[in-house]
Every structure is written in C-alpha cells, then in structure tokens.
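Got a structure for you, questions after.
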Amino acid sequence: MNTPNLETALKHASGLIDQKLGEFLVVPDAPEGRVIEAMKYTLMGGGKRLRAFLCIQTAKLFNVEEAHYARVATAIECAHSYSLVHDDLPAMDDDDMRRGRPSLHKAFDEATAILAGDALLTFAFEIMADKQTHPRKAVRLDLISGFSKALGARGMVGGQMFDLMSPGLALDAGALTRLQKMKTGALIEYSVDAGCIMGQVPDSIRSALTAYAHDIGLAFQIADDLLDVEACQDDIGKTPGKDEASGKVTFVSLLGLNRAKDQARILVEQAIGHLENFGSEADALREAAHYVIIRGH
Ligand code: GRG
C-alpha cells in the first residue's frame, strides 16, 4: 500500500523526538549516568514513534506550535518505552529480544532496567509539567490528568495486570477487548487526545478523533496477535509464538485467523470514517489506520 503522507510524517516525528531526546538526555560522568545510558538505549532503539506521530499529526490539525507538541510527543514516547522495558522483564513477559536486539535487562541488568523504566515514566511527567510544554496551566493540567489516567491502574498498568492474570481466566471477545483497550489502547487514544488538548478543540471534534484512535488501537492489537502467529523473529524483532505458548487468549485464538483479519479491516475502515470532517490535512492519519494492520516490528 502507498503511504507517502505517513512516511513523511513518521520521519518528521522520529526526527523531532530524536532531537528532543538529544537535548534532554545528557549522560553525566557520575554513577547515575548508567541509568540515563539505559534510558537512551531503549529510547533510541528503533521504535516506530507511532504514538508520537499520532500526537503530532493531531496537534498539527489545530495549528499547535511545534515547540509544544514536540515535548508532549517525547513525553509519550518515554512512557511507552518504560512500558516495553518493564513488560520485557523476567517477572512479566520475560522477553530477551525487543526491536531486533537484546531487551534492556539483557543489555544491562535487571535492576538497571527496573530503574530505567521508573526514570522514563517520571521523566515523562517532568516534561509534561514544564512551562515550556504549554503556557496555559489549565492545558498542562489536562495533559497530565489524561496522561495519568491512560497509564495508571484503570489504563495501561491495569491492562497489564489483567493480561498477567488472563491465562487463568476464560476470556471472551468482550473481556479481551477490554483488556487490550486498557493495555495498549489507552496510550494510543491519549496520544491523539493530547493533540486535541493542546489544540483546545470542542468536545465533538475531540470525540471523533478519540473514536478514530480507539479503533486503530484495537486494530493494532489484533495485528499484533496476527504477527505473533504468522511472523518470524526477523519480522517482529521479538520472540514470536509466545501468546500460544503461554496459553493466553488472543483475538486469533478466539476468532480464528480469517475473522481476526476481517475484524481488523473493519476497524480500520471505521477509524477512517471518524475523520470524515477533515480534508487532506488528515491523510497521514488515514494512512496510519491502514498501516497499523500491515506493520512489521
Ligand atoms: C509494564 C505497566 C506495563 C505495561 C506494559 C504496552 C504494554 C503494557 C506492553 C507491551 C506488550 C506488547 C508487545 C503489546 C503488543 C502491542 C504493542 C504495544 C507493541 C509495541 O508497540 P510498538 O509496536 O513499539 O508501537 P515500537 O517498538 O515501535 O515503539
């Protein structure tokens, strides 16, 4: 599929994030330098910057200044990186590979990986709270409040708990959808919502955009389940076949391959439908909806 707008926009997002991280993450010649090295290892590890892209492209719809959205998108990528570092730990998903190279606890050690995850999360909030992120206090508060909810016990952390408990639970499609909405959907939805918050847009526009994000978040997770079954390690940069081995219910195990693919396609079309009130300025977001179900690692 041709995705010229998306490719340009993903490159733009990556460039901005790398630039901000270069500014932020100076490694001191001191013992704590090790944790900053570890943060850099994971942040510069070849992620797609999908969440940053979503935040930036949404913010651009509303002419938000680059100085603001660059910081918010960087904070979101920091929080996303923390989740992957902790997810890979032996106590969680126990994965030695991430993005085609050793996961953080393998490249460093477990204690450093735990601390780097903690520092990434707290640093994300430090960036958000800073005056340079937005001059209006109310906007900064909304950003922080939404961020906390997306990441906390009723969002990503809760979803991760639910996921860890899931082998013992007979999940149906409704329960699995709820789990995934919390675990991966909440931060994806927030990435778009953060753009709306900075743009200070009316609720009706905000709801349409978060509905778009909701649908691509779920499509993204179905695609992840499909990748786990169909891809080899080189394609996804981590160990494939883990879901089945751990006895976890996935969209593929519940629906079968073909219905899972159909469901992902339906969600993509539905997501694009939510952008009907935007013109070509939302083309990169439209292309992203297709991309989430064809991505590799
Ligand atoms: C440890 C609190 C805590 C939460 C972890 C998000 C998450 C919760 C775990 C990730 C597990 C996982 C591999 C889920 C599948 C979908 C997903 C989030 C994949 C990784 O996101 P990408 O593909 O990552 O956007 P990149 O590498 O491109 O940044």
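All of the numbers you see were taken from the coordinates with simple rules; none came from a lab. Being a predicted model, the structure only gives us computed values, none of them experimental. Glycine gets a Cβ as well: all are built from the backbone with ideal geometry, and neighbour counts include every protein chain shown.
In terms of modelled amide H atoms, which long-range or inter-chain residues lie less than 5 Å from the amide H of Met97?
Ser103, Thr239
May I ask you to evaluate 6.51 cos²θ - 1.76 cosθ + 1.60, the Karplus curve with θ = phi - 60°, for each residue of region 277-283 and list the ³J(HN,Hα) values in order in whole Hz, giving x for glycine and proline?
For region 277-283, the Karplus-derived couplings read 7, 10, x, 5, 5, 9, 4 Hz, x marking Gly and Pro.
Once each part is reduced to its C-alpha centroid, what is the distance from region 18-54 to region 76-100 in angstrom?
Distance between centres, Cα-based: 14 Å.
Hey, another quick one. Find the relative contact order for the chain and round it to a whole percent, using C-alpha pairs within less than 8 Å whose residues are 6+ positions apart. Before the final figure, lay out the partial values.
Working: 403 pairs, mean separation 60.8, N = 297.
Averaging sequence separation for qualifying contacts and normalising by length gives 20 percent for the chain.
Right, another one. By count of other Cβ within 10 Å, fewest leading, how are Met97, Met1, Met39, Met182 ordered?
Values: Met97 16, Met1 8, Met39 26, Met182 23.
Going from sparsest to densest Cβ surroundings: Met1, Met97, Met182, Met39.
Now for a separate question. Among 82-95, 214-227, how do they line up from the highest to the lowest mean number of other beta-carbon atoms within 10 Å? Mind dumping the intermediate values first?
Values: 82-95: 18.5, 214-227: 23.2.
Ranked from most to least packed, the peptides come out as 214-227, 82-95.
Give me a comma-separated list of calculated 3J(HN,Hα) values for region 139-146, in order, Karplus coefficients 6.51, -1.76, 1.60 applied at θ = phi - 60°, integers in Hz, x for any Gly or Pro.
Residue by residue, region 139-146 yields 5, 4, 5, 4, 4, 5, 5, x Hz.
Within 10 Å of each residue's Cβ, count the other Cβ atoms and sort Lys40, Lys137 from fewest upward. Kindly include the intermediate steps, with their values, before the conclusion.
Numbers: Lys40 17, Lys137 9.
With the sparsest Cβ surroundings first, the list reads Lys137, Lys40.
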